[in-house]
Amino acid sequence: MVDSVLKTFGMLVLAAVNGGTYLAQQQSSESELQQRRSDDLRQDLNTVTDIHPKYSSCMQRLHTWKRKHGDDFALKFKQDFVSGDQEATAVNECRSQTKDFWRRVQMIYVEYGSDANTPIRLLYAESHHRRFVDIVPKFEVLDGYDTKSSENDIFDYSKVVEKSTKS
């Protein structure tokens, strides 16, 4: 009987030790995962920050084109781009790069949710997005452009950040 009790007690102690070890490993894994996620977020934020000067330069180019060509700037862009004009080609590249910039911002919200909310809002507030929306969609006049595409969520700031509130 004593042997049986000791054996049972020994198994309980072993189970407790193994359970404690398992719990410690699980907590360590969760901590490592959280640290990795934090590092990934920091890296993605740094990437967006690194490409911001190019974004700003492109926004300046788009505004310069608009000032130069007045109210018909979008039609002029389409005509010149189709004819192979170098300046219009550069404007088109900038149009694409500004959209890519906001897609990256949106991706950060989607990937990291509320973890990214504060740093992204501080860096790329709605006022920056509004300047983007005031001009870039008007350049979307090339044939084959689908204005209903989900890609156009980048033109709606609430859709850029909406997933961060769902996390």
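A few comments on the model shown:
- For the range 63-81, filtering for residues that are touching a residue at least 12 places away in the same chain (Cβ under 8 Å) and exposed (fewer than 13 other Cβ atoms within 10 Å of the Cβ) leaves 1.
Quick grid of which residues meet (1) part of a helix (DSSP H, G or I); (2) at pLDDT 55 or above; (3) of a type in the set (Lys, Arg); (4) surrounded by fewer than 10 Cβ atoms within 10 Å (Cβ to Cβ):
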| position | (1), (2), (3), (4) |
| --- | --- |
| SER4 | yes, yes, no, yes |
| ALA15 | yes, no, no, no |
| GLY19 | yes, no, no, no |
| ARG42 | yes, yes, yes, no |
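- Within the range 82-116, considering residues that are hydroxyl-bearing (Ser, Thr, Tyr) and modelled with pLDDT of 90 or more, the one surrounded by the fewest Cβ atoms within 10 Å (Cβ to Cβ): SER83
The values are calculated or read from the model by the stated rules, or taken from the named source; none is laboratory data. Here the structure is a predicted model, which means the values were calculated and not measured. Reconstructed Cβ throughout: ideal geometry from the backbone, glycine too, with neighbour counts over all protein chains shown.
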